[in-house]
């Protein structure tokens with residue numbers, strides 16, 4: 001594996017990332033709204049027929065079906081990249097617990113145990129913070 005941070009992506013990754021960015025833009029949203037408005041405005045012309053309704057149902061179903069896979073692919077890649085970056089940060093910090101590297105591969109039960117452990121750690125930290133605040137609040141006014 002190369003040390004270069006810039007890596008080649010396969011055609012599908014490039015395609016799905018591009019589609020995800022385009023579909024997530026305000027322009028795509030605007031186009032979608034315009035399509036729905038145009039479809040609604042044609043209703044009287046087509047007498048609100050079954051075919052008229054089928055056009056929007058079929059079109060949106062096909063687009064949704066395809067986009068689910070494209071966006072999921074992009075989301076999976078982004079999640080993997082973020083997890084790898086977090087793993088690198090955990091690994092590079094001496095005091096960090098390296099057993100949290102690849103935590104995303106733990107079972108739900110193991111994740112719940114870790115969550116309870118860190119909730120307890122957070123509660124202790126909040127108690128300490130509160131104790132440090134209290135003496136300054138008790139300082140008598142002159």
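The values are calculated or read from the model by the stated rules, or taken from the named source; none is laboratory data. Everything numeric here is computed off the predicted structure, so don't read it as measured data. Heads up, the Cβs are rebuilt from the backbone with ideal geometry, glycines too, and the neighbour counts pull from every protein chain shown.
Numbers for the structure displayed
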{"item": "Subset of the range 16-32 (residues that are modelled with pLDDT under 90, out of contact with any helix residue (DSSP H, G or I) (no Cβ under 8 Å at 6 or more places or on another chain) and assigned to a helix (DSSP H, G or I))", "result": "18, 21"}
{"item": "Residue under evaluation residue 121, criteria (1) surrounded by fewer than 10 Cβ atoms within 10 Å (Cβ to Cβ); (2) outside the structural domain of residue 20 (by TED's automatic domain parsing), criterion not met", "result": "(1)"}
{"item": "Condition met for residue 69 (within 30 Å of residue 102 (Cβ to Cβ) and at pLDDT below 90)", "result": "no"}
{"item": "Flag for residue 53 being farther than 24 Å from residue 20 by Cα, surrounded by 10 or more Cβ atoms within 10 Å (Cβ to Cβ), assigned by TED's automatic domain parsing to the domain that holds residue 20 and without any contact (Cβ under 8 Å) to a residue 40 or more places away in the chain", "result": "yes"}
